[in-house]
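Comments concern the structure below.
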Amino acid sequence: MNRRALRVIISGGGTGGHIFPAVSIANKLKEVNPETEILFVGAEGKMEMEKVPAAGYRIVGLPIVGLQRQLNLKNIINDVQVPFKIVSSIIKAGKLIKEFKPEIAIGVGGYASAPLLFAATRKNIPALIQEQNGFAGLTNKMLGNKAGRICVAYEGMEKFFPAEKIVLTGNPIRSDIRPADEALKQEALEFYGFHAGKKHIFIVGGSLGSRTLNNAMKHWIENGCPGGDGVEILWQCGKYYKAGIDEFMKGQTVSGIRHSDFIARMDLAYAMADVVISRSGASSISELCAARKASVFVPSPNVAEDHQTHNAMALVRKDAALLVKDADANERMMPVALELAHNEPRIKQMEANIGALAKMDAAKEIVDEVYKLLDGIQ
């Protein structure tokens, strides 16, 4: 259905988990009406300043920074500047709003959301928040009372936001992520050079990689790959760790393990896997739900409010995933994943449970809420 063209500001970023949903929402808005004008607002020096233009959208940076908890001279200098940069960002956001004249402001979390949505709501511009995680971020919690609509991915978010404003939409995901049929799985196995008669585990640590997941794999390999008979592994180690993993693997005689810094075809990586080992960021979980994959989550402890544990536990409580604590990864990550890989009935049950949580049309539902908010539909 073609709807009227809008003028939309989308703010936030800092991580791929914020940026990808933002771009997906923008893409859907343009799909609904190509005449819609969109301006992104991010934080200077953050990854959105590169990723958003690459997706074809204009972005303006604010000088906003966050407080740093670790005590050193650089962080002390940063923290002294924070209040001044917040004020400067709010002033700049106000000027952007005056110049661009948006009909609605959408915040996806991250540093830039706060000054932009604060400035927008002060001018009585409707605001919509998209909260990706099961434990709301500080910025979104602060702005919840000012927003007209809050789109969430998890149940039980009433403890963070006014219940009457919450809509359960899920998180937008890449359009090529879907449950694999036999043909897609066979294509995936051939693409990665794996064998149909074996079990397959996909370890994914994100574009930069995960030290914990990599160390747990190295620990398992150094101990002779116990329980690994009949198993092949695709190991995404991240570009930051690639050189070290290359050097480590030179001294090993193991077979059936493919390691790579980056996975271009995530659809095929998910398709070939019987079990996926992953951190539990919001975007990763949403993709695994859509792909219907039996998953072992190792939540990162180095995130605000320990939100990755909250994300993972929302699935664990529904018997849709397993959880291994970061501190236990060396001893438990591979044994837990291998035991699951060899338990076909358990895999089938977990696939059904995680698939039931998938929200395949999240971007469309969020865009629907944008128009409802603007049209005054409750």
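The values are calculated or read from the model by the stated rules, or taken from the named source; none is laboratory data. Predicted model only: the values in this text are computed from it and were never measured. Glycine also receives a Cβ, built like all others from the backbone with ideal geometry; neighbour counts cover every protein chain displayed. With ligands, DNA and RNA removed, areas are computed over all heavy atoms of the protein, side chains included. Shrake-Rupley method; radii C 1.70, N 1.55, O 1.52, S 1.80 Å.
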- Item | Cα-based shape type of region 172-305, given that a ≥ b ≥ c are square roots of the gyration tensor eigenvalues and the cut on a/c is 1.5 | oblate
- Message: Can you find, among 288, 139, 54, the residue sitting farthest towards the positive end of the charge dipole of the chain, where Lys and Arg contribute +1 and Asp and Glu -1 at Cβ?
- Response: 139
- Task: Return the carbon/sulfur percentage of the accessible area of the chain, one whole number, probe 1.4 Å, all protein chains in place.
- Result: 51 percent
- Please label the shape of region 148-221 as rounded, prolate or oblate, based on the square roots a ≥ b ≥ c of the eigenvalues of the alpha-carbon gyration tensor (a/c under 1.5 means rounded; beyond that, a/b larger than b/c means prolate, else oblate). oblate
- Within the chain, helix-based [θ] at 222 nm, where runs of 4 or more DSSP H residues each add -39,500 (n - 2.57), nearest 500: -13500 deg cm²/dmol
- Task: Taking the Cβ of residue 177 as the centre, find all other residues whose Cβ is under 9 Å away and add up their charges (Lys, Arg: +1; Asp, Glu: -1).
- Result: -1
- Pairs from 98/359; 159/359; 242/364; 165/318 whose Cα-Cα separation, in the structure shown, is over 28 Å: 98/359; 242/364
- Message: Taking only Cα atoms of region 259-378, what ratio of Rg to Rh do you get with Rh as the Kirkwood inverse-distance radius?
- Response: 1.04
- Message: Taking loop as defined by DSSP and a crowding limit of 15 other beta carbons within 10 Å, which chymotrypsin sites (Phe, Trp or Tyr not before Pro) in region 233-340 fit?
- Response: 262
- Query: Among the trypsin sites (Lys or Arg not before Pro) within region 263-351, which fall in a DSSP loop and have no more than 16 other Cβ atoms within 10 Å of their own Cβ?
  - Reply: 265, 317, 318, 325
- Dipole of the chain, positive direction: furthest Cα of 94, 321, 113, with charges on the beta-carbon: 94
- Note on the structure: Nearest 10, in degrees from 0 to 90: the angle of helix 307-316 to the longest Cα principal axis of the chain is 60 degrees
- Message: Net charge around residue 194, counting only other residues with Cβ within less than 9 Å of its Cβ (Lys, Arg = +1; Asp, Glu = -1)?
- Response: 0
- Message: With Kirkwood's inverse mean 1/r over C-alpha pairs for Rh, give me the Rg to Rh ratio of the chain, two decimals please.
- Response: 0.99
